[in-house]
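Worksheet for the structure shown next.
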Amino acid sequence: MSWTAPLTGLAVLLASVVGTATAQQQAPPSQQQKPPPTARTPTPPPRPGAKPTFPPPAFKIMIATEAAYPPFNYLDRKGLPAGFEMELAQEACQRIKAECEFAAFKWDELIPGLLDKKFDVIMSSLEVTSERRKRLGMSRRYYLSPGAFIAGKGAPFDGPPSLLRNKRLGVQKDSTHADWLDKSFRRSALIKRYATIAEALEALAKDEVDAVFGDKTQLWLWSQKPEGKCCEVVGQDIKDNQTLGVGVAAGLRKEDVKLRDALNKAFGDMIADGTYKKINEKYFPFALN
């Protein structure tokens, strides 16, 4: 078999290609052949389930408060909710990237309004109780005002509660503070019960009792008023979860688990990085967490 013909044909083909290339090099630029366009590689479609590279858009929530318990919550000069709790709420909203609105409601309207979806969160010094846990999804505690005693300035009680044995102690009746006094001083002091804490404090100012037991924040606020200048908070903070409770939390609907978890993280981060402490010190000379 002869391979002459195939080799001859290949030689002719090579000569033709070389000749064409030489001709293109010698020809002026306007007559040279342009190379064929390069084919574009198609962009692959995004993978299913791929996460977006941009942050999620902000969402809206409404926060309700009674706005009648200064300095925790009240209405400012413009009629807008303000106070310690509202500052905590504003900081939390920034951290969870939420657009928040604030509204004031009567106390009796707060829990029904939340359940009816008129708003999304209650921040109004809502004490955590077993009954509220059954109806609401409660956040982590964001403040705790301990129990404390208040007495006349210079009184010899600024130490352990045992110094108040055999003394006259005032308290608001049918309260958790009355329950704690009963448990701790029922046999060692004279307990005098009053319809309101204001009446108990008035009795202290009149020297009808030696000390009053109650919520530390309320007692301190009274001591800053003209009628309370006689007295000062004394002794140790009293914390008793079983009797005095575990503190104050935000109220949410039970199904809003993601929102509750986001608020919990925000409150925790605020405490960890010192932001909570700065807000606390604007309102109170003692820690509430």
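We did not get these values from a lab; they are worked out from the coordinates using the rules stated. These figures come from a predicted structure and were not determined experimentally. Here the Cβ is made from the backbone with ideal geometry for all residues, glycine too, and neighbour counts use every protein chain on show.
Of interest is the spacing of the C-alpha centroids, which for region 73-94 and region 233-247 amounts to 26 Å. For Lys78, the aspartates and glutamates whose Cα falls under 17 Å of its own Cα, not counting residues fewer than eight places away in the same chain, are Glu66, Glu87, Glu101.
The alpha carbon centroids of region 143-210 and region 103-121 are separated by 34 Å.
With the simple model of a label 7 Å out from the Cα in the direction of the Cβ, Asp207 to Leu80 spans 4.9 nm.
For Lys216, give me every one of the aspartates and glutamates with a C-alpha distance below 13 angstrom, ignoring sequence neighbours fewer than eight places off in its own chain. Within the straight-line limit of under 13 Å, Lys216 reaches these aspartates and glutamates: Glu232, Asp237.
Summarising the label geometry, the points placed 7 Å from Cα in the beta-carbon direction at Glu109 and Cys230 lie 3.9 nm from one another.
Computed over region 183-289, the P(r) curve from all C-alpha pair distances, binned at 5 Å from the origin, holds 2, 9, 15, 16, 17, 14, 10, 8, 7, 2, 0 percent per bin.
Determine, from the Cβ-Cβ distance of Ala272 and Leu190 and an R0 of 45 Å, the FRET efficiency 1/(1 + (r/R0)^6), rounded to the nearest 0.05.
Taking R0 as 45 Å, the efficiency between Ala272 and Leu190 is 0.50.
For the residue pairs Lys60/Lys265; Lys106/Lys277; Lys60/Lys258, the C-alpha atoms sit more than 21 angstrom apart in Lys106/Lys277.
Rg over Rh for region 110-243 works out to 1.04, both radii taken from alpha-carbon positions and Rh defined as the Kirkwood radius.
Modelled this way, with points 7 Å down the Cα-to-C-beta line, the labels at Glu255 and Glu131 are 2.6 nm from one another.
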